[in-house]
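Notes for the one structure printed next.
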Amino acid sequence: NRRSFFLALDQHIERLRSHGEPFILGLVDLDGFKPVNDTYGHAAGDEMLKTVAERLCDIADETVTPARLGGDEFALLAAIPCTLNETALALGHRVEAALSEPYELGEYTCKSSGSVGLLICNDPQVSAQELMERADHALYFAKRALQGKAVVFNAALEQEMTASSQLDKALRRSDHEAEFSVKFQPQYDLVKSKVTGFEALARWDSPELGSVTPDLFIPAAERAGLIRGLTQTLLSKALREMASWPTDITLS
(Lines give C-alpha, C1' and ligand atoms only; values in the text may rest on other atoms or scores of the structure.)
Protein backbone atom coordinates (compact mmCIF):
# COMPACT_ATOMS: atom_id res chain seq x y z
CA ASN A 1 0.00 0.00 0.00
CA ARG A 2 0.93 3.67 -0.06
CA ARG A 3 2.55 3.62 3.39
CA SER A 4 4.75 0.60 2.73
CA PHE A 5 5.70 2.01 -0.68
CA PHE A 6 7.01 5.28 0.76
CA LEU A 7 8.89 3.42 3.49
CA ALA A 8 10.53 1.29 0.77
CA LEU A 9 11.26 4.41 -1.30
CA ASP A 10 13.02 6.01 1.69
CA GLN A 11 15.09 2.84 2.14
CA HIS A 12 16.14 2.86 -1.52
CA ILE A 13 17.11 6.54 -1.25
CA GLU A 14 19.16 5.80 1.86
CA ARG A 15 21.01 2.95 0.10
CA LEU A 16 21.64 5.25 -2.88
CA ARG A 17 23.14 7.87 -0.57
CA SER A 18 25.18 5.49 1.58
CA HIS A 19 26.25 2.83 -0.94
CA GLY A 20 25.63 4.44 -4.35
CA GLU A 21 22.99 1.86 -5.28
CA PRO A 22 20.72 3.24 -8.05
CA PHE A 23 17.13 2.07 -8.43
CA ILE A 24 14.09 2.41 -10.69
CA LEU A 25 10.91 4.18 -9.64
CA GLY A 26 7.87 3.37 -11.73
CA LEU A 27 4.34 4.79 -11.58
CA VAL A 28 1.51 2.92 -13.28
CA ASP A 29 -1.93 4.27 -14.13
CA LEU A 30 -4.70 2.27 -15.76
CA ASP A 31 -6.09 3.60 -19.04
CA GLY A 32 -9.86 3.76 -19.15
CA PHE A 33 -10.57 2.48 -15.65
CA LYS A 34 -13.48 4.86 -15.03
CA PRO A 35 -15.46 3.58 -18.06
CA VAL A 36 -15.06 0.03 -16.67
CA ASN A 37 -16.62 1.17 -13.39
CA ASP A 38 -19.36 3.08 -15.20
CA THR A 39 -20.15 0.30 -17.69
CA TYR A 40 -19.78 -2.89 -15.64
CA GLY A 41 -20.19 -1.60 -12.07
CA HIS A 42 -17.88 -1.07 -9.12
CA ALA A 43 -17.65 -4.77 -8.32
CA ALA A 44 -16.12 -5.34 -11.76
CA GLY A 45 -13.80 -2.38 -11.18
CA ASP A 46 -12.65 -3.90 -7.88
CA GLU A 47 -12.03 -7.20 -9.65
CA MET A 48 -9.94 -5.42 -12.25
CA LEU A 49 -7.81 -3.75 -9.57
CA LYS A 50 -7.22 -7.13 -7.92
CA THR A 51 -6.16 -8.59 -11.27
CA VAL A 52 -3.74 -5.70 -11.88
CA ALA A 53 -2.24 -6.23 -8.42
CA GLU A 54 -1.81 -9.95 -9.09
CA ARG A 55 -0.14 -9.28 -12.45
CA LEU A 56 2.27 -6.77 -10.94
CA CYS A 57 3.11 -9.29 -8.22
CA ASP A 58 3.76 -11.90 -10.91
CA ILE A 59 6.19 -9.50 -12.59
CA ALA A 60 7.96 -8.80 -9.31
CA ASP A 61 10.95 -10.82 -8.18
CA GLU A 62 13.31 -10.30 -5.25
CA THR A 63 14.47 -7.00 -6.80
CA VAL A 64 11.03 -5.51 -7.59
CA THR A 65 8.50 -4.15 -5.08
CA PRO A 66 4.98 -3.45 -6.38
CA ALA A 67 2.47 -1.27 -4.49
CA ARG A 68 -0.94 0.31 -4.84
CA LEU A 69 -0.96 4.02 -4.10
CA GLY A 70 -4.73 4.46 -4.35
CA GLY A 71 -7.55 4.32 -6.88
CA ASP A 72 -6.13 2.88 -10.10
CA GLU A 73 -2.60 4.14 -9.36
CA PHE A 74 0.15 1.60 -8.75
CA ALA A 75 3.89 1.87 -8.29
CA LEU A 76 7.07 -0.18 -8.62
CA LEU A 77 10.49 0.04 -7.01
CA ALA A 78 13.30 -2.00 -8.51
CA ALA A 79 16.96 -2.35 -7.60
CA ILE A 80 19.15 -2.29 -10.70
CA PRO A 81 22.81 -3.21 -11.21
CA CYS A 82 23.36 -0.30 -13.61
CA THR A 83 21.69 2.87 -14.81
CA LEU A 84 20.96 1.82 -18.37
CA ASN A 85 17.67 3.00 -19.88
CA GLU A 86 17.27 -0.47 -21.36
CA THR A 87 16.95 -1.94 -17.86
CA ALA A 88 14.13 0.42 -16.98
CA LEU A 89 12.38 -0.04 -20.32
CA ALA A 90 12.58 -3.81 -20.02
CA LEU A 91 10.65 -3.56 -16.75
CA GLY A 92 8.21 -1.13 -18.38
CA HIS A 93 7.60 -3.46 -21.31
CA ARG A 94 6.84 -6.34 -18.92
CA VAL A 95 4.23 -4.15 -17.22
CA GLU A 96 2.81 -3.08 -20.60
CA ALA A 97 2.41 -6.68 -21.73
CA ALA A 98 0.88 -7.86 -18.46
CA LEU A 99 -1.70 -5.08 -18.21
CA SER A 100 -2.78 -5.33 -21.86
CA GLU A 101 -4.00 -8.92 -21.42
CA PRO A 102 -7.83 -9.33 -21.32
CA TYR A 103 -9.55 -8.97 -17.94
CA GLU A 104 -12.12 -11.53 -16.82
CA LEU A 105 -14.61 -9.54 -14.73
CA GLY A 106 -17.25 -12.05 -13.70
CA GLU A 107 -19.48 -12.56 -16.72
CA TYR A 108 -17.65 -9.86 -18.68
CA THR A 109 -14.32 -9.75 -20.49
CA CYS A 110 -12.72 -6.43 -21.36
CA LYS A 111 -9.48 -5.06 -22.73
CA SER A 112 -7.48 -2.32 -21.09
CA SER A 113 -3.91 -1.13 -20.67
CA GLY A 114 -1.64 0.67 -18.27
CA SER A 115 0.60 3.67 -18.90
CA VAL A 116 3.95 3.65 -17.10
CA GLY A 117 6.25 6.48 -16.06
CA LEU A 118 9.77 5.35 -15.17
CA LEU A 119 12.64 7.16 -13.50
CA ILE A 120 16.24 5.98 -13.05
CA CYS A 121 17.14 7.23 -9.57
CA ASN A 122 20.90 7.73 -9.41
CA ASP A 123 21.25 11.22 -7.92
CA PRO A 124 21.62 11.05 -4.11
CA GLN A 125 20.77 14.74 -3.73
CA VAL A 126 17.22 14.41 -5.05
CA SER A 127 14.40 14.12 -2.49
CA ALA A 128 11.60 11.56 -2.50
CA GLN A 129 9.10 14.25 -3.50
CA GLU A 130 11.25 15.35 -6.44
CA LEU A 131 11.64 11.74 -7.57
CA MET A 132 7.87 11.26 -7.48
CA GLU A 133 7.31 14.48 -9.45
CA ARG A 134 9.69 13.35 -12.19
CA ALA A 135 8.20 9.86 -12.44
CA ASP A 136 4.73 11.40 -12.44
CA HIS A 137 5.69 13.71 -15.31
CA ALA A 138 6.92 10.71 -17.30
CA LEU A 139 3.59 9.01 -16.57
CA TYR A 140 1.68 12.14 -17.62
CA PHE A 141 3.61 12.19 -20.91
CA ALA A 142 2.89 8.48 -21.46
CA LYS A 143 -0.85 8.93 -20.90
CA ARG A 144 -0.94 12.03 -23.09
CA ALA A 145 1.14 10.82 -26.04
CA LEU A 146 1.74 7.06 -25.78
CA GLN A 147 -1.18 5.59 -23.89
CA GLY A 148 -0.52 2.04 -22.77
CA LYS A 149 3.25 2.42 -23.12
CA ALA A 150 6.22 2.96 -20.81
CA VAL A 151 8.21 6.20 -20.85
CA VAL A 152 11.55 6.80 -19.13
CA PHE A 153 12.10 10.29 -17.75
CA ASN A 154 14.84 12.08 -19.71
CA ALA A 155 16.42 15.49 -20.25
CA ALA A 156 13.68 16.61 -22.65
CA LEU A 157 10.98 15.77 -20.10
CA GLU A 158 13.02 17.53 -17.40
CA GLN A 159 13.02 20.68 -19.52
CA GLU A 160 9.30 20.32 -20.22
CA MET A 161 8.55 19.81 -16.53
CA THR A 162 10.55 22.92 -15.56
CA ALA A 163 8.75 25.01 -18.18
CA SER A 164 5.40 23.61 -17.05
CA SER A 165 6.19 24.48 -13.43
CA GLN A 166 7.12 28.04 -14.37
CA LEU A 167 3.92 28.34 -16.40
CA ASP A 168 1.77 27.05 -13.53
CA LYS A 169 3.33 29.48 -11.05
CA ALA A 170 2.93 32.46 -13.40
CA LEU A 171 -0.67 31.45 -14.08
CA ARG A 172 -1.50 31.29 -10.37
CA ARG A 173 -0.02 34.77 -9.86
CA SER A 174 -1.64 36.29 -12.96
CA ASP A 175 -4.15 39.14 -12.99
CA HIS A 176 -6.85 37.74 -15.26
CA GLU A 177 -8.43 41.09 -16.04
CA ALA A 178 -5.15 42.82 -16.89
CA GLU A 179 -3.20 40.03 -18.62
CA PHE A 180 -5.80 38.10 -20.62
CA SER A 181 -7.51 39.40 -23.73
CA VAL A 182 -9.77 38.21 -26.52
CA LYS A 183 -9.08 38.26 -30.25
CA PHE A 184 -11.89 37.72 -32.75
CA GLN A 185 -11.67 35.48 -35.80
CA PRO A 186 -14.34 36.03 -38.47
CA GLN A 187 -16.69 33.20 -39.40
CA TYR A 188 -17.53 33.61 -43.08
CA ASP A 189 -20.58 32.11 -44.81
CA LEU A 190 -19.52 31.14 -48.36
CA VAL A 191 -23.12 30.82 -49.57
CA LYS A 192 -24.21 34.24 -48.28
CA SER A 193 -20.80 35.77 -49.05
CA LYS A 194 -20.61 37.60 -45.76
CA VAL A 195 -19.30 37.43 -42.20
CA THR A 196 -21.96 35.90 -39.95
CA GLY A 197 -20.12 35.81 -36.64
CA PHE A 198 -16.83 35.73 -34.77
CA GLU A 199 -14.99 33.15 -32.73
CA ALA A 200 -13.48 34.49 -29.51
CA LEU A 201 -9.85 33.40 -29.05
CA ALA A 202 -8.07 33.66 -25.69
CA ARG A 203 -4.68 35.37 -25.49
CA TRP A 204 -2.30 35.76 -22.53
CA ASP A 205 0.41 38.39 -22.35
CA SER A 206 2.30 37.50 -19.17
CA PRO A 207 4.67 40.09 -17.62
CA GLU A 208 6.88 37.14 -16.56
CA LEU A 209 6.75 34.85 -19.60
CA GLY A 210 5.72 37.16 -22.43
CA SER A 211 3.14 35.95 -24.94
CA VAL A 212 1.90 32.46 -24.04
CA THR A 213 -0.12 30.45 -26.55
CA PRO A 214 -3.53 28.94 -25.63
CA ASP A 215 -2.35 25.37 -26.28
CA LEU A 216 -0.07 25.86 -23.27
CA PHE A 217 -2.08 27.98 -20.84
CA ILE A 218 -5.53 26.42 -21.31
CA PRO A 219 -4.43 22.89 -20.24
CA ALA A 220 -2.39 24.47 -17.43
CA ALA A 221 -5.45 26.38 -16.21
CA GLU A 222 -7.48 23.16 -16.32
CA ARG A 223 -4.83 21.26 -14.33
CA ALA A 224 -4.61 24.04 -11.75
CA GLY A 225 -8.38 24.38 -11.34
CA LEU A 226 -8.28 27.98 -12.62
CA ILE A 227 -10.21 27.46 -15.84
CA ARG A 228 -13.61 28.49 -14.44
CA GLY A 229 -12.45 31.93 -13.29
CA LEU A 230 -10.48 32.46 -16.49
CA THR A 231 -13.51 31.48 -18.57
CA GLN A 232 -15.69 34.03 -16.75
CA THR A 233 -13.14 36.79 -17.38
CA LEU A 234 -12.79 36.00 -21.08
CA LEU A 235 -16.53 35.55 -21.62
CA SER A 236 -17.21 38.92 -19.96
CA LYS A 237 -14.66 40.63 -22.20
CA ALA A 238 -16.11 38.98 -25.29
CA LEU A 239 -19.67 39.98 -24.39
CA ARG A 240 -18.65 43.57 -23.77
CA GLU A 241 -17.23 43.67 -27.30
CA MET A 242 -20.28 41.95 -28.74
CA ALA A 243 -22.61 44.58 -27.26
CA SER A 244 -21.67 47.03 -30.02
CA TRP A 245 -22.05 44.52 -32.89
CA PRO A 246 -25.03 44.28 -35.26
CA THR A 247 -27.72 42.00 -33.82
CA ASP A 248 -27.37 39.39 -36.58
CA ILE A 249 -23.66 38.74 -35.82
CA THR A 250 -23.04 35.72 -33.60
CA LEU A 251 -20.32 34.93 -31.09
CA SER A 252 -18.79 31.53 -30.38
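Test Leu76 against the criterion of being open to solvent by 20 Å² or more (accessible area, probe 1.4 Å) and not polar (S, T, N, Q), and give yes or no. The answer is no for Leu76. If you filter region 44-68 down to residues that are in a strand (DSSP E or B) and in contact (Cβ under 8 Å) with a residue 60 or more places away in the chain, you find that the one that is least open to solvent (accessible area, probe 1.4 Å) is Ala67. Among the residues of this structure, Ser181 does not count as one that is among the small types (Gly, Ala, Ser), modelled with pLDDT of 90 or more and at positive phi.
Of all residues in region 80-108, exactly one satisfies the criterion of being over 18 Å from Val151 (Cα atoms) and of a type in the set (Gly, Ala, Ser), namely Gly106.
Filter region 11-24 for residues that are assigned to a helix (DSSP H, G or I), surrounded by 11 or more Cβ atoms within 10 Å (Cβ to Cβ) and of a type outside the set (Lys, Arg) and give the result. Within region 11-24, Gln11, His12, Ile13, Glu14, Leu16 qualify.
Could you tell me whether any residue of region 203-215 is among the charged types (D, E, K, R) and in a helix (DSSP H, G or I)? Yes, because at least one residue in region 203-215 is among the charged types (D, E, K, R) and in a helix (DSSP H, G or I). Taking region 83-198 and the helices (runs of 4 or more DSSP H) fully enclosed by it, the elements with 3 or more residues that are within 30 Å of Glu14 (Cβ to Cβ) and open to solvent by less than 80 Å² (accessible area, probe 1.4 Å) are at 85-99, 128-145, 155-173. Taking the criterion of being surrounded by fewer than 17 Cβ atoms within 10 Å (Cβ to Cβ) and at pLDDT 95 or above, the residues of region 199-210 that qualify are Glu199, Leu201, Arg203, Asp205.
The values are calculated or read from the model by the stated rules, or taken from the named source; none is laboratory data. Quantities reported herein were computed from a predicted structural model and do not represent experimental measurements. Please note: Cβ atoms are built from the backbone with ideal geometry, for glycine as well, and neighbour counts cover all protein chains shown. These accessible areas exclude ligands, DNA and RNA; they are computed on the full protein's heavy atoms, side chains included. Shrake-Rupley method; radii C 1.70, N 1.55, O 1.52, S 1.80 Å.
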